[in-house]
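Q: Okay, here's the structure, questions in a sec.
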């Protein structure tokens, strides 16, 4: 795997791409996980936890919370084609955007792929923006598109 210094903006920018990389491993989102997430967040909307009512709902079944799908990013981290080195620490800087595009039925498998979207010099280091697409296995349409920003601190 290629190592790239966090402050080598030219090399980092060479990894910016319009194309998404390889798929991650698959991960199943079960109804039990959805129920636990509902308990933890107190978001107990019937479309997430009431299997009987959901049969007649807009999706025909229960669906995962959008933020549950987002929280599964570490579980479906796609393979990297480079690693950033030489920084003191890396911090989750935030998001440039997030869209929930396709409901995720309970007991579906997900996987993800990403692409480096932007590289910016920041007063505290280097800011990378990656676009992550999480899909239900078998679906062309992403369940979630998320623009993750990571700050590599000098």
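The values are calculated or read from the model by the stated rules, or taken from the named source; none is laboratory data. Not measured: the values here are computed from a predicted model. Every residue, glycine among them, receives a Cβ derived from its backbone with ideal geometry; neighbour counts consider all protein chains shown.
Q: Looking at 126, 143 in this structure, which one is part of a strand (DSSP E or B), surrounded by 13 or more Cβ atoms within 10 Å (Cβ to Cβ) and within 11 Å of the chain's Cα centre (by Cα)?
A: Numbers: 126 fails: within 11 Å of the chain's Cα centre (by Cα).
Answer to the selection: 143.
Q: Going residue by residue through the stretch 132-140, is there one that turns out to be in contact with a strand residue (DSSP E or B) (Cβ under 8 Å, 6 or more places away or on another chain), within 13 Å of residue 24 (Cβ to Cβ) and outside any strand (DSSP E or B)?
A: yes
Q: May I ask you to list pairs of residues, at least six apart or on different chains, whose Cβ atoms are under 8 Å apart, with the first in the stretch 86-97 being on the phi > 0 side of the Ramachandran plot and the second being assigned to a loop (DSSP other than H, G, I, E, B)?
A: 86/6; 86/7
Q: Could you please tell me which pairs satisfy a Cβ distance under 6 Å, a separation of 6+ or placement on different chains, a first residue in the stretch 123-138 that is under 22 Å from residue 69 (Cβ atoms), and a second residue that is modelled with pLDDT under 95 and not in a strand (DSSP E or B)?
A: Close Cβ pairs (under 6 Å, with a partner that is modelled with pLDDT under 95 and not in a strand (DSSP E or B)) do not exist here.
Q: Can I ask one more? Of the residues in the stretch 1-59, how many are under 22 Å from residue 118 (Cβ atoms) and either within 18 Å of the chain's Cα centre (by Cα) or assigned to a loop (DSSP other than H, G, I, E, B) (or both)? Working first, answer last.
A: In the first step, residues of the stretch 1-59 are kept if they are under 22 Å from residue 118 (Cβ atoms); the result is 1-22, 24.
Then keep just the ones that are either within 18 Å of the chain's Cα centre (by Cα) or assigned to a loop (DSSP other than H, G, I, E, B) (or both); that gives 1, 6-8, 14-22, 24.
The number of residues fulfilling the criteria is 14.
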